[in-house]
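The values are calculated or read from the model by the stated rules, or taken from the named source; none is laboratory data. This one's a predicted model, so the numbers in the text were calculated from it and none came from an experiment. Every residue, glycine as well, gets a Cβ built from its backbone with ideal geometry; the counts of neighbours run over all protein chains shown. In case anyone asks, the SASA skips ligands and DNA or RNA and just uses the protein heavy atoms, side chains included. Shrake-Rupley method; radii C 1.70, N 1.55, O 1.52, S 1.80 Å.
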Amino acid sequence: MSTQGERVVNIQCKKDNIFQFRTTKPNKIFEGMASDMFKQFFLLLRTYFDMFIDFVFSLYWERQRQPIPGLEKKHSMLSESAVDLASKIRNKQLTSEELVQACIERINIVNPILNAVTDERFEDALKEAREVDKVIEAGQADFEKQPFLGVPFTAKESHAVCGMLHTLGISVRREERAQEDAECVRLLRLAGAIPLAVTNVPEINKQETRNMVFGQTCNPYHTGRTVGGSSGGEAALAAALASPISLCSDIGGSTRMPAFYCGLFALNPTAGTTSLKGSALRSGREQTMASIGFLSKHCADLAPLTRLVLTETARAHLQLDTHHHIKDIKIFYCKAAHDLRVSPLDKDMLQTMDKVVAALREDTSSEHPPRPYQHRALRHMFTLWRHGMAQEADSFPTLLTNNQGHANGLLELLKKVVGVSRYTLAAILKLLDEQVLPPVDRDWADRTTRELREDLLSTLGEEGVLLFPSAPAAAPYHYTLYLRPFNFSYWAIFNALKFPAAQVPVGVNSAGVPLGLQVVAAPRREALCLAVANHLEARFGGFVPPCTLHPAA
């Protein structure tokens, strides 16, 4: 039985609780409203800031625009897929020498405009092509073991190709040549493909293809705009119809970003399913969120090419040949990540997302129409990727010196100001990010990444995909990414999660610059990504050659 004093205390506690409820609940509502208003105001300012950036840079870069010459009739086969070219060589409708010669001639036409090739082995490639033709003519070719026999390929220069330059875009490596093939190059050779050239990359793979050794690579759709990075040289050649097979890699969008900016298809497979041995000086034993991948004009190339570079274990589990009907696939979509570090989607990108979602709403089952997806962890896309990069074995400051020292960001920034630094500003900013800014809280980042990963796994399941924006806008003008350094996070977040993702082109904007989106699935469900990509290619037409949009005079 309670005493009078206890009753008084209980009454007072109830009054305090009521008072606290009345004071805190309105406060929370107000704080939420204020936070939303601030975010909306910030995004509005960011939108106008981006528009101002584009206007200012357009005053210069629009005058630098150069059209890409169209295909000559004798080069018409270069618009075909690598799979079809391999089939024509197999059936003696085309010789390997004819194809290699056409690629060489096309590269010589477009490379002076694009600056994509850093080293070539044209004569050796022609000799190898002639040997291939002799083997085929004699009926001694094993097409089962060599499905791409006689088809030439190019590789980003960070993949070692024996005897060719392997600078990684670093000044101190400008004379370095590879002593052996990277594992992915070796596997392509085993499949019968012929290495033709290596292509430009940023310094140690950043998001715009420019370095102090070879300079800047230009976008074939608009030479005043970036090709992205780090597989920028590959994307430029492929979109200019000069390379049938483009060997890339991806640790933060490095395959998908150039593919998007150049209107191409691309696949970044599940992390851990490919070997990085010989790529960017890796041993292949490191734990990494990077993967070997390809970009292509045709979605049909991605599965057979990806299969070639998978590890034996992964080849048995990925089931890239599995057929999925679009009506059996559950579609989810996200049109805004709400990460304040990145630009909001512009009108063209929003319309692209809406157009694709509307089409899939018509094409998929009425039982599970496309549904929106959102998770609070997407507000931290860049931060989660930055944390993932901190777990990588590579040391960026050490790699910049070719493992001969440790580059200092503050010192290099001072040297840049007086014009004596050996590095680009992009590399110096990356150094400062690592050496000056505080590291991401490990416990928080691990927990947040795990929560997002588990929620996506639960949502997508075995038969679901997520449609996700590729970027806030189409390919930006050169150098503007210095003012928008976090926009690559739309790609990078899926590296941090170690999910596979396909890049899909969906038309062009009013300026004739490509648009598109990503299709993401749970790990080892690449076949779902490719099924949706194939469907969208049929629905919207896929790759549109730049020379048909902007014909040379």
Starting from region 403-416, keep only residues that are over 24 Å from Glu176 (Cβ atoms), then list their pairs with residues that are outside any loop (DSSP other than H, G, I, E, B) whose Cβ atoms are within a distance under 6 Å, requiring at least 6 positions of separation or different chains. Leu413/Ile428
Go over the candidates Ser87, Ser79 one by one and state the one that is open to solvent by 50 Å² or more (accessible area, probe 1.4 Å) and either aliphatic (A, V, I, L, M) or within 26 Å of Val544 (Cβ to Cβ) (or both). Ser79
The listed residue being crowded, with 20+ Cβ neighbours inside 10 Å and modelled with pLDDT of 95 or more, out of Ala527, Ala471: Ala471
Return the residues of region 507-524 that are touching a Lys or Arg at 6+ places or on another chain (Cβ under 7 Å) and either under 17 Å from Leu295 (Cα atoms) or open to solvent by less than 10 Å² (accessible area, probe 1.4 Å) (or both); say none if nothing qualifies. Val513, Gln518
Boolean, Glu451 is open to solvent by 40 Å² or more (accessible area, probe 1.4 Å), within 30 Å of Ser171 (Cα to Cα) and not in a loop (DSSP other than H, G, I, E, B): no
(1) within 24 Å of Pro438 (Cα to Cα); (2) modelled with pLDDT of 95 or more all hold for Ala393 apart from (2)
Answer yes if at least one residue in region 201-216 is open to solvent by less than 10 Å² (accessible area, probe 1.4 Å) and more than 20 Å from Lys430 (Cβ to Cβ), and no otherwise. no
What is the one condition in (1) more than 17 Å from Ala155 (Cβ to Cβ); (2) of a type outside the set (S, T, N, Q); (3) at pLDDT 95 or above; (4) open to solvent by 10 Å² or more (accessible area, probe 1.4 Å) that Ile251 does not satisfy? (1)
Within region 222-260, how many residues are farther than 21 Å from Phe499 by Cα and assigned to a helix (DSSP H, G or I)? 8
Please verify whether Leu536 is part of a helix (DSSP H, G or I) and over 16 Å from His298 (Cα atoms), treating the condition exactly as stated. no
Looking only at residues in region 94-132 that are among the polar types (S, T, N, Q) and part of a loop (DSSP other than H, G, I, E, B), which one is farthest from Lys74 (Cα to Cα)? Asn115
Which residue out of Leu114, Leu99 is in contact with a Cys (Cβ under 8 Å, 6 or more places away or on another chain) and open to solvent by less than 20 Å² (accessible area, probe 1.4 Å)? Leu114
Please enumerate the residues belonging to region 244-292 that are among the polar types (S, T, N, Q), closer than 15 Å to Val185 by Cα and touching a strand residue (DSSP E or B) at 6+ places or on another chain (Cβ under 8 Å). Ser246, Ser249, Thr274, Ser275, Ser279, Ser291
Among residues of region 261-291, those that are in contact (Cβ under 8 Å) with a residue 12 or more places away in the chain, among the small types (Gly, Ala, Ser) and open to solvent by 10 Å² or more (accessible area, probe 1.4 Å), counted: 6
Quick one: is Glu6 among the acidic types (Asp, Glu), surrounded by 13 or more Cβ atoms within 10 Å (Cβ to Cβ) and either in a helix (DSSP H, G or I) or at pLDDT below 65 (or both)? no
Check whether at least one residue in region 302-319 is part of a loop (DSSP other than H, G, I, E, B) and either on the phi > 0 side of the Ramachandran plot or surrounded by 18 or more Cβ atoms within 10 Å (Cβ to Cβ) (or both), and report yes or no. yes
List the residue pairs whose Cβ atoms are under 6 Å apart, where the first residue sits in region 221-237 and is of a type in the set (Phe, Trp, Tyr), the second is not in a loop (DSSP other than H, G, I, E, B), and the two are 6 or more positions apart or on different chains. Tyr221/Pro546
Search region 163-186 for residues that are without any contact (Cβ under 8 Å) to a residue 40 or more places away in the chain and outside any strand (DSSP E or B) and pair each with any residue that is among the hydroxyl-bearing types (Ser, Thr, Tyr) and surrounded by 15 or more Cβ atoms within 10 Å (Cβ to Cβ) when their beta-carbon atoms are under 7 Å apart and the residues are at least 6 apart or on different chains. Arg174/Thr167
Name the residue that is farthest from Asn534 (Cα to Cα), counting only residues in region 370-396 that are open to solvent by less than 50 Å² (accessible area, probe 1.4 Å) and without any contact (Cβ under 8 Å) to a residue 60 or more places away in the chain. Ser395
For region 425-445, give me the residue count where each residue is surrounded by 12 or more Cβ atoms within 10 Å (Cβ to Cβ) and without any contact (Cβ under 8 Å) to a residue 12 or more places away in the chain. 2
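Being in a helix (DSSP H, G or I) and in contact (Cβ under 8 Å) with a residue 24 or more places away in the chain is the requirement here; does Val213 meet it?
no
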Out of (1) in a helix (DSSP H, G or I); (2) surrounded by fewer than 16 Cβ atoms within 10 Å (Cβ to Cβ), the one Val135 does not meet is (2)
